[in-house]
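Accompanying notes for the structure given below.
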Amino acid sequence: MSNHKPETAARKSFNPCGLFVVVFVVVAGFCHSGRAQWLTQTFTVRPGWSAVYLNVDASYQVLDQLVGSNPANPIVEIWYWQTPSTPAQILPFQSQPMASADWVSWVRAGYTNTPSGALSQLTANAAYLVHSTATTNYTWQVKGKPIPPNYSWTSSGLNFIGFPTPAAAPNFTAFLAPAPSLAAALQLPSNGQRAPGIYRYPGGALGANNPSLLPSLFWSSTAVTRGQAFWVDAGTAYNNNYFGPFQVTGLSSYSGLALGDSGSQSTFTLRNVTSSNLTVTVRLLASEAAPAGQTAVFGVPPVLLRGALSMSNLSYAAKSLALNGTTNWTLAPQGQAGSQITVVLGVNRSAMTAAPGTLYAGILRFTDSLNLSQLDVPVSAQSAPLTGLWVGKASVTQVRNYLKTYQVDLTNNPVVSSNGNYIVTGINTNLGAVAQPFLLRLIVHNDGTNVILLQQVFYGMSPGSNLVVATQESALDPQQLGTARRISSADFPWTTTNQIWRFSGVFGAGHVLTVTVPLAYDDHASNPFLHTYHPDHDNLDAIFQNKLPVGYESYDISRAITLNLSPAGNDFSSLTAAGQSLTGTYLETITVFGVGGASRTFNVTGGFTLNRISPIASLTVL
């Protein structure tokens with residue numbers, strides 16, 4: 001194009017995020033530049049004008065850098081067609097790019113006298129008309145974030161779109177065979193206003209035959225090339241949603257399966273939209289290296305697929321999907337039982353041993369047994385930091401016995417020794433089951449270096465409007481106490497200063513933590529042997545004036561607690577939740593000290609569970 005109308009002020013304020021919502025059905029927040037995986041899409045740009053369709057999101061970089069900074073790139077214009085506000089015109093006139101309500105553009109600096117338009121970035125699931133000044137085909141490579149198909153046809157029936165076909169592209173006859181109603185609509189005779197059909201850009205100058213109608217006679221010899229955009233005018237069949245023989249729906253995010261550092265699993269649905277059985281295969285691929293300035297990718301996430309439910313322990317099996325590994329599902333014809341299935345995917349958190357926050361990213365490539373489509377769905381997760389506030393419970397289920405066996409005579413009477421005592425022949429110290437489990441609340445904070453056991457903790461907004469985990473309420477904003485929380489445990493000694501106890505050991509699956517919680521014999525707030533207003537349990541002599549030594553009315557107590565943190569189990573839930581939930585064996589040795597240092601020891605054991613309820617690594621100790 002040699003002449004362009006200048007862009008208006010309104011056009012210069014174009015927001016690609018807002019515009020994209022008009023043309024395609026997207027999930028809120030897709031313009032977020034969060035961590036992602038990367039894939040290079042390759043286009044063949046012919047001399048003159050070509051139409052390309054992006055299956056990757058390259059919005060991380062503006063076009064002035066992505067294209068304009070490379071002097072060897074012959075692309076001088078890129079145009080994006082918006083859903084028109086006026087009724088669709090007769091093709092190919094609709095396809096003539098110009099500054100209008102229907103088009104926005106990017107123009108290379110210095111090319112003609114036309115200033116660059118409002119188009120600044122390239123997003124996925126979008127078609128673009130590009131102008132190359134080269135005299136031969138140019139191979140244009142665009143690195144971006146692969147995005148699964150997510151779009152709907154315009155109500156006018158006129159669409160500038162591409163299709164998610166594999167590298168070995170099918171022809172139009174084969175591609176449209178599973179959608180006979182759409183194929184028929186594209187072959188209807190003209191209604192006098194515009195002719196339904198498929199239009200393509202063969203290259204060269206724009207004109208009456210560029211774009212040109214692709215007659216159905218030539219469908220069998222024309223490839224539905226991935227990355228190539230077509231004008232598709234389906235007439236009144238504007239409610240079409242066919243873009244291949246199967247669909248992947250129900251993804252948790254527009255950007256695919258993003259589990260972050262806390263997600264354990266994600267669910268999506270595979271749906272067959274054909275009238276025959278269809279096998280869908282998924283393969284796990286590695287991400288390419290991230291562009292400069294983007295989060296580096298450490299490796300492929302250890303992907304797990306949920307298997308069958310075991311009725312013996314009500315847990316799900318876990319199937320690992322290794323790099324370049326595949327699995328497949330056979331779906332029944334559309335409308336029949338088994339035509340769609342729900343797939344539950346997770347990552348093996350116990351295998352993500354890199355530093356907290358490290359990005360694992362890959363691509364799930366879905367293909368079908370008809371070789372008609374290829375859907376690339378990103379999957380990513382970050383190593384879960386174990387820092388933060390953990391709350392759970394221990395369940396004491398066994399107590400160590402102290403049962404003596406005495407010598408008896410022939411008449412089954414106890415035998416007395418020469419000093420007048422019964423003769424002990426054995427002591428049973430085995431663990432025995434309790435009649436009912438005894439529950440204890442555990443409050444643990446891990447800052448990455450220190451692991452602390454707490455009797456109570458405060459969680460809320462500080463005066464500086466930051467969320468904090470603190471040992472005192474005074475660290476919180478008095479005006480926002482209504483949304484704050486105090487978590488406490490009646491199973492550990494209360495003190496006015498909220499005393500903390502430090503564990504020894506490493507916080508994490510497969511490690512052991514130990515801590516000793518002392519309880520003074522004269523602690524009237526917490527010692528169970530004391531009763532401040534009972535004369536036999538107040539630690540005072542008969543005239544209530546002198547304090548008695550340890551062991552006379554109450555005892556010093558030492559609680560040695562051991563948490564054996566178990567490695568993750570082999571079932572799906574255990575492997576995927578390892579970053580947010582820890583389980584293990586609870587052991588406690590209770591020693592009671594009496595007069596003259598005499599002591600008696602009791603042992604209890606059971607299981608425990610800790611769940612991370614806050615990732616805040618810093619504990620504010622006041």
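The values are calculated or read from the model by the stated rules, or taken from the named source; none is laboratory data. Source: prediction; values computed, not measured. For neighbour counting, all protein chains shown are included, and Cβ atoms are generated from backbone atoms with ideal geometry for every residue, glycine included.
Key figures for this structure:
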{"quantity": "Index of the failed condition, V297 passing every other in (1) part of a loop (DSSP other than H, G, I, E, B); (2) modelled with pLDDT under 95", "calculated": "(2)"}
{"quantity": "Contacts under 6 angstrom Cβ, first residue in segment 348-371 being under 26 Å from A578 (Cα atoms), partner among the β-branched types (V, I, T), 6 or more apart", "calculated": "L359/T295; L359/V297; A361/V297; G362/V300; G362/V379; L364/V282; L364/V377; L364/V379"}
{"quantity": "T583, sole failed condition from (1) assigned to a strand (DSSP E or B); (2) among the polar types (S, T, N, Q); (3) surrounded by fewer than 18 Cβ atoms within 10 Å (Cβ to Cβ)", "calculated": "(3)"}
{"quantity": "Complete set of residues in segment 279-292 that are assigned to a loop (DSSP other than H, G, I, E, B) and either in contact (Cβ under 8 Å) with a residue 12 or more places away in the chain or outside the structural domain of S339 (by TED's automatic domain parsing) (or both)", "calculated": "S287, E288, A289, A290, P291"}
{"quantity": "Hey, L321 without any contact (Cβ under 8 Å) to a residue 60 or more places away in the chain, closer than 14 Å to I363 by Cα and not acidic (D, E) or not", "calculated": "yes"}
{"quantity": "Hits in segment 471-501 - residues which are touching a Gly at 6+ places or on another chain (Cβ under 8 Å) and crowded, with 17+ Cβ neighbours inside 10 Å", "calculated": "L476, A484"}
{"quantity": "So G244, is it surrounded by 20 or more Cβ atoms within 10 Å (Cβ to Cβ), at pLDDT 90 or above, part of a loop (DSSP other than H, G, I, E, B) and not hydroxyl-bearing (S, T, Y)", "calculated": "yes"}
{"quantity": "Unique residue being in a strand (DSSP E or B) and either within 47 Å of the chain's Cα centre (by Cα) or in the same structural domain as G346 (by TED's automatic domain parsing) (or both) when the list is L563, L622, L575", "calculated": "L563"}
